[in-house]
Amino acid sequence: MEQVTLQDARRLAISRQRLDDWKRPSPIDHSAIVDLFRRLGCVQLDPIRRVERTHLLVLWSRLGLFDPADLDELRFAERAIFEYWAHAASLVLTEEWPAYGWLMHRAVAREQHAPWFEEHRDKFIPLLAEIRRQLQQGPKMSRELDLAEGPRQDGRWWSRSYVGRLLNHLWTRGEVMVYDRSPSNHRVWGLAADFWPTWMPRDSWNDEQLTRFAAQKAVRALGLATEQQIKQHFTRGRYPKLTVVLKKLLQERILLPATVMGKEKTPLPGPWYLHREDAGLLAQIQAGHWGGRTTLLSPFDNLICDRDRTEQLFEFHCRLEIYVPQHKRQYGYYVLPILHKDRLIGRVDATMDRQGNRLLMKTVYAEPDAPAGSETASAIAQATANLAQFLGAEEVQWGRVPDIWSIAQNPPAQHSE
């Protein structure tokens, strides 16, 4: 059984996530983006754009100054990437469709519906039929559907129709897909039958086939992972027969057992799994052949999306405060963690001021044991300047900065990656 230090486990995770000092392809073309998706498995979607959409930040932190139009072409023209459920609503690869077709087939096979559906079943069934009929005429946004007023979903402060929820219901079943996004980020829906490219694999996987694929994908994306961490990654909540599959993968030597040693040489709860394809990379890291860099991460980044794992490996408490009342927030509404080499050393409450064309680094926070000095400060400033260039900001404006990082006010934003 391989014994791995906490530092080497972090470094392996960072390398598998393409957040180390790997040589980026030039130019960054469609194949480079697809290759990154193959490595990550999925990239989460989220509507918040306080700095930039999270999927663009995730790709920027790894690829640098890529062109988002290339990603749109892969999504909406070539359809090599599509929107579906992974560990959350995400961008995923069409070439891996069987992993998602499993959930689509399962959703269709399940005759029962959630209580919200059964409550208005007599109205929802004809409403679904009408949505299907109108989408046969061509893709539409939900607000473009001409539907009779149906039941509404009421909350304390809001009231809305169930149309969006019904579209999500059809989406989960694989009946409709997102054909495009409007300039305001609204989904344009269309029938799935007309969406898929002819080369898409159409295999129908059983439970064990799904879990065998997804577990390996998760372990490789994480570097080293426990069974619980596998469950939380990639196809979260969709690992039937996982314990049985892991046992088989160990017997076949596709996965290798490992122990991750924590502080004071105490093993972290396990067992941990390493994919045999990454044994050589781990050996290089253990021999000291590893290089890191400094970048800013989306709060939804794949490296930190499992908050418990992030705290265990990086000793970094990472929680979203978007829905926390402002006066109760510890750090801010949209906070970008700072990855410096093999550690998460701080975070920044950031905003992109699009009207003033400025990237506002309102408050920078350092972890208690963060490295001090001009070298670290310069690395943070350079990463920020690169992000500003990606966002098209003409200026970086700094607010409060810890004394240990004397970052100059308003450094130039135009730096190359």
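The values are calculated or read from the model by the stated rules, or taken from the named source; none is laboratory data. Please read all numbers here as calculations on a predicted model, not as lab measurements. Every residue, glycine as well, gets a Cβ built from its backbone with ideal geometry; the counts of neighbours run over all protein chains shown. Accessible surface areas use protein heavy atoms only, side chains included; no ligands, DNA or RNA. Shrake-Rupley method; radii C 1.70, N 1.55, O 1.52, S 1.80 Å.
Comparing L268, L387, L12, which has the greatest mean-square fluctuation in the GNM of the chain with Cα pairs linked when under 10 Å apart? Judging by the Gaussian network model, the answer is L268. With a Förster radius of 35 Å applied to the C-beta separation of R307 and A77, the computed FRET efficiency comes to 0.45. Rg then Dmax, both in Å and based on the Cα atoms of the stretch 281-384: 15.0, 49.
Kindly state, to the nearest 0.05, the FRET efficiency for K23 paired with H105, given R0 = 51 Å and r defined as their beta-carbon distance. Computed FRET efficiency for K23 and H105 comes out at 0.80.
Across the chain, the relative contact order, built from alpha-carbon pairs under 8 Å that are at least six residues apart, equals 18 percent.
Return the whole-Å distance between the Cα centroid of the stretch 193-212 and the Cα centroid of the stretch 286-300. Centre-to-centre (Cα) distance: 34 Å. Averaging over all projection directions, the Cα-based convex hull of the stretch 1-131 occupies 13.0 nm² in the image plane. Phi-derived couplings, Karplus 6.51 cos²θ - 1.76 cosθ + 1.60 at θ = phi - 60°, listed residue by residue for the stretch 218-231: 5, 4, 5, 5, 8, x, 10, 8, 8, 4, 5, 5, 4, 4 Hz, with x used for Gly and Pro. Amide H contacts of T5 (H built 1.01 Å from N, in plane; Pro and chain starts excluded): M261 sit under 5 Å, all sequence-distant by 5 or more or on other chains. For the chain, the solvent-accessible area with a 1.4 angstrom probe is 46 square angstrom per residue. With the simple model of a label 7 Å out from the Cα in the direction of the Cβ, Q326 to A287 spans 5.5 nm. Under 5 Å from the amide H of T294 lie the amide H atoms of K341, each residue being 5 or more positions distant or on a separate chain, with H modelled from the backbone and absent for Pro and chain starts.
Taking a straight Cα-Cα cut-off under 30 Å and skipping sequence neighbours fewer than 8 places away in the same chain, the lysines within cross-link reach of K265 are K217, K231, K247, K248, K341. Relative to the longest principal axis of the Cα atoms of the chain, the long axis of helix 97-109 makes an angle of roughly 40 degrees. To the nearest 10 degrees, how steep is helix 54-63 against the longest Cα principal axis of the chain, on a 0 to 90 scale? So the helix axis and the longest Cα principal axis differ by about 40 degrees. Mean residue ellipticity at 222 nm, helices only, the chain: -10500 deg cm²/dmol; runs of at least 4 DSSP H residues each add -39,500 (n - 2.57), and the sum is divided by the number of residues. Whole-Hz Karplus values for the stretch 78-83 come out as 7, 6, 7, 10, 9, 8 Hz, taken residue by residue from phi with 6.51 cos²θ - 1.76 cosθ + 1.60 and θ = phi - 60°; glycine and proline positions read x. The aspartates and glutamates within cross-link reach of K241, meaning a Cα-to-Cα straight distance under 13 Å and a gap of 8 or more places when in the same chain, are D207, E208, E227. Computed extension gain for R354 through D67, at 0.36 nm per residue and net of the alpha carbon distance, reaches 101.5 nm.
For the stretch 320-403, applying the loop criterion from DSSP together with a ceiling of 12 other beta carbons within 10 Å to the chymotrypsin sites (Phe, Trp or Tyr not before Pro) yields Y323. Once the Cα atoms are used to define both axes, helix 30-40 deviates from the longest principal axis of the chain by about 80 degrees. Among H87, S298, Q136, flag the residue with its Cα farthest along the positive direction of the charge dipole of the chain, charges on Cβ as +1 for Lys/Arg and -1 for Asp/Glu. Ranked along the dipole, the leading option is H87. Over the stretch 301-391, Cα pairs under 8 Å with separation of 6+ residues give a relative contact order of 15 percent. Over all other residues within a Cβ to Cβ distance under 11 Å of I404, the charged ones net out to -3, with Lys and Arg as +1 and Asp and Glu as -1.
In straight-distance terms, cross-link reach from K362 covers every one of the aspartates and glutamates whose alpha-carbon lies under 14 Å from its own, apart from those fewer than eight places away in the same chain; here that gives D349, D353, E395. Using the Karplus relation 6.51 cos²θ - 1.76 cosθ + 1.60 with θ = phi - 60°, the per-residue 3J(HN,Hα) values for the stretch 363-370 come to 9, 9, 10, 9, 5, x, 9, 5 Hz, with x marking Gly and Pro.
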